[in-house]
Structure formats: structure tokens, C-alpha cells
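One structure is given below, encoded as C-alpha cells.
The values are calculated or read from the model by the stated rules, or taken from the named source; none is laboratory data. The model shown is predicted, which means the values in this text are computed figures rather than measured ones. So basically every Cβ, Gly included, is an ideal-geometry build from the backbone, and we count neighbours across all protein chains shown.
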Amino acid sequence: MGAFFCGPRCDDTGVVQPSFGAVDLQSSLMKVGGGVCMSRKMYLAGFKGTSYPTVPMHTDTALATVAGTIDDVAKAHPEMIPVLYNDVKACKGCGKPCAYTMTMCNSCGMSLADVPITKSENVFCAFLMGVAKANKGFPLKISLRRLTEDVLIIDDLLALTPCHFNAIPKKHYIPDWRFLLTSPKQALELLDTMEAELWVATKQFLNSEGYRGILKPGHSDEDIRKHVICSFNFPPSQFQLHIQWIVAPLTPFQHFMAEERNHFHEDRAFPMSYVRKILALSEPYNVKRDTPIEEIVKHFDQKGVVYKDEWNKFYQQSLKSTMELQNWSTDDFQYVVQDGKVHDFEVSNGQVQLKDFFADLDPKVIQDKDKVALQNYGRPYVDGKPTGTYIKAPLMAKLGEPGGFGAWPGVDLK
């Protein structure tokens, strides 16, 4: 198959496109590094190097505190069972525990339509206790970015961007963001603390010359802070409150997934801005484990904080943030993927033009390799594999203070 044109031209055909650096979400096209134009239905794949510029994780290391698994903790401390497990759909493709409302795995993209809801280990609580290993035998180590008395910050294994964190409160067991509504003032103070620590952890990346090189030049730290994609999920895949802190830009494949609405799902992603606006009303809301999210959304819609409006702004800004900050170079990638097919390509007149497609190449296999090369999870690698650690001063396997999971207003663990 010969070369063919990827879409409307970006230059002199009468189609007016934004200048390099500007973003038009109404356009079907986007500009990558060097002003090269490509369709938003495509993504670059097959990273040619061994890795993007990397930022090593925190140098503090520790050994496991609990020698066994979550199941061992549950047997020794049955009162802990409500804290130790999640309701999830386990992906048949990659094994990732996904939220039980999802229809497609947000790691490998496999359908979850026929996957039953089962129990999985709450690994975030395991991290906080220093549990040694999962039931499947692999070590429950973390890619540590920051640890204080109040918060644990780790690299997200999903790695939607080279700088993608989860922030987990260290003093309390809070199943999910709904329970913040039981104590708005206390919740806002907690979020202030967590976001401040997340920004400290982000500075390690921003101070790296190599990392700054993957961003479009000319953006200050303050600009980048405005482009952080910050939210909660409900239902989460792990039932311990955690902030999703995603510093744009997404990697090429993950941006494509977002364009296809396979990330930041409406009715599952709850923007930080939305949660903060609700909490700022200072109206405690009685939340139970079985309180429907739809009930909460309807209640606060009537108070003037309309979820659909907040989500739409959040989603559009998430796409725009990557398109404004990314500096992907076509020279760094071997292929372009479109409609699930892997193509050779060339850049001609400032545009990506597809050439032959490779029937024997699986885009998922290529994406798996790209993820390892582009992520900062577990850096530095040893023998080509991510490394990790347990945490110092972990929580004890008990409910309540001192030393255990502190009580949060409205959370009933009986």
C-alpha cells in the first residue's frame, strides 16, 4: 500500500489551523514536536530509545514489616477485613483490578463486559502496613516519591504520563472520596496538605533538565501546575482514598485513549475542582458504604455545583493540557497506529503521512514495550525491570490510633 494523506492539510489548502503552540479542540488535527501535524485518531508508537529521560525514585528504602500477605493479615486480625479488600473486575488480559463499573481495562484496553465482580487485595492499605507480598507471590513494593506523617506519594503503575502519582492519606482509612463529605472542613485541610506534598514531589521532576526536555519549551512551573490533571475515581480500583495527580502531557498512546474517552470517564472521574466546590459549601453529608453516587451528584446539582458541567470542563482541559505541553518528536518513534493497525510513516510538508501497515505487528505488544521505556515507575531499573521499596514507619495492622488506621467521621468498620 502506498503512502496516503492523513487528513486535512495544515498549511495552504484553505483549512485554517492554529499556529504552533496553540490548541484548537474543535480541530481533528494536532501538532506534535517541531510543529508536525497528525490526526488525533493516530498515535506515535515504537519508541526507538531505551527510555525517556528518567527521574529516580526516592532513595529511602526499607524492608517489609509484615512477612506474609493480605490474607495472612486478615486471618490474624479479622476485624481488619473491611479495610483489606476491594470489589473489582479483574482484567483477563493483564490481571489489573479495575473498578467494577468499567467496561474496558484502563491498562491494556481489553473488554470487561463479561468479567464478574470479585474481591481483590487492597494494595494501598498493604503499602501503608508494609505487607511483603501479594497472594500471587510478587512483592508489594512501591515506587516511592514522598513520605511524610500525613501522606504517602507513589508512582502510579498505570503511568499515563511520565509523572503520574497517587497520594494516599497515611493517618486515616477513608474508603473513597464520598466520605470526605462527612466532615468538609477537615477534608479541605487534608486535601490542602496532600496537594502541597504532591507539588513538592513534582518539583523533583521539574528540576530535572532531562524531564523538562520532554515538555514544549517556554512553560514555567506555574504554567505546568495549572495543567495537572487532578481527580478522584468512583468507584476506585483500590478502596483507600487516593488523589490521581497526573502531570501533563500524557504519553502518545494514553492521550489517544483519552481522546477515545477511555480515560477520565464521565460519571467515574470526579475532578478535584468539583470535590472542593462541594466541600466549600460546608454542608456535611451523611455517607454510608452503599450511598449511591447518583444520589450525591443529584443533591449537589441542586445546590448549584453541577457535576456534568464540572466534568466537561475537566475532560476538555485534560485533552488540551497534553496538546499544549507535549513535545513528542516523530524522530523518536518507529510507527504510527491508526484504527488498530501499525503503520510505517513519513513526515512530508510538515505532516504525518501513513505508509504500509504491518499485518504481523500487534499494537498492544508495542505499547507494552513503550510503557516500560516512557514511564518513571520504579526507576532506576535493575536488569531492565522496575525496582521498589517498602515504607519506613508503616502503620500497624489495627484499627484506631496510636499506630493503626485512624477513624474518619462516618466510616463504619464494623
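List of remarks:
- LYS341 being free of Cβ contacts under 8 Å to residues at least 40 places away in the same chain, among the basic types (Lys, Arg), surrounded by 14 or more Cβ atoms within 10 Å (Cβ to Cβ) and more than 30 Å from LEU140 (Cβ to Cβ): yes
- Taken over the range 45-75, the residue count meeting the criterion of being under 30 Å from GLU209 (Cα atoms), in contact with a Leu (Cβ under 7 Å, 6 or more places away or on another chain) and either hydrophobic (A, V, I, L, M, F, W, C) or surrounded by 15 or more Cβ atoms within 10 Å (Cβ to Cβ) (or both) is 4.
- Listed by first and then second residue, the pairs linking a residue in the range 180-199 that is farther than 13 Å from VAL411 by Cβ to a residue that is assigned to a helix (DSSP H, G or I) and not small (Gly, Ala, Ser), with Cβ atoms under 6 Å apart and 6 or more places separating them unless they lie on different chains, are PRO184/LEU279; LEU188/LEU279.
- Only one of the numbered conditions (1) under 30 Å from LEU319 (Cα atoms); (2) touching a residue at least 40 places away in the same chain (Cβ under 8 Å); (3) in contact with a Gly (Cβ under 9 Å, 6 or more places away or on another chain); (4) not polar (S, T, N, Q) is violated by GLY49, and that is (3).
- GLY350 meets the conditions (1) surrounded by fewer than 18 Cβ atoms within 10 Å (Cβ to Cβ); (2) out of contact with any Cys (no Cβ under 9 Å at 6 or more places or on another chain); (3) of a type outside the set (Asp, Glu) in every case but one. The failed one is (2).
Table: residues versus (1) of a type in the set (Val, Ile, Thr); (2) modelled with pLDDT of 95 or more; (3) in a loop (DSSP other than H, G, I, E, B); (4) under 20 Å from the mean Cα position of the chain (by Cα).
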{"site": "PRO175", "(1), (2), (3), (4)": "no, yes, yes, yes"}
{"site": "LEU190", "(1), (2), (3), (4)": "no, yes, no, no"}
{"site": "ALA201", "(1), (2), (3), (4)": "no, yes, no, yes"}
{"site": "PHE205", "(1), (2), (3), (4)": "no, yes, no, yes"}
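- Count of the range 259-303 residues, restricted to those that are part of a loop (DSSP other than H, G, I, E, B), under 23 Å from the mean Cα position of the chain (by Cα) and over 15 Å from PRO235 (Cα atoms), is 3.
- When residues of the range 21-44 are limited to those that are among the hydrophobic types (A, V, I, L, M, F, W, C) and loosely packed, with under 14 Cβ neighbours inside 10 Å, the one modelled with the lowest pLDDT: ALA22
- Subset tally (residues that are out of contact with any Gly (no Cβ under 9 Å at 6 or more places or on another chain), surrounded by fewer than 16 Cβ atoms within 10 Å (Cβ to Cβ) and touching a residue at least 12 places away in the same chain (Cβ under 8 Å)) for the range 274-302: 6
- For the range 382-392, filtered to residues that are without any contact (Cβ under 8 Å) to a residue 40 or more places away in the chain and outside any strand (DSSP E or B), the residue that is nearest to the chain's Cα centre (by Cα) is GLY384.
- Taken over the range 96-114, residues that are free of Cβ contacts under 8 Å to residues at least 40 places away in the same chain and surrounded by fewer than 19 Cβ atoms within 10 Å (Cβ to Cβ) amount to 5.
- Restricting LEU181, LEU152 to residues that are at pLDDT 95 or above, more than 27 Å from HIS255 (Cβ to Cβ) and in a strand (DSSP E or B) narrows the list to LEU152.
- Selection status of PHE405, among the aromatic types (Phe, Trp, Tyr), more than 20 Å from ALA126 (Cβ to Cβ) and in contact (Cβ under 8 Å) with a residue 60 or more places away in the chain: no
- Taking (1) more than 22 Å from LEU147 (Cα to Cα); (2) part of a helix (DSSP H, G or I); (3) in contact with a strand residue (DSSP E or B) (Cβ under 7 Å, 6 or more places away or on another chain) in turn, GLU222 satisfies each apart from (3).
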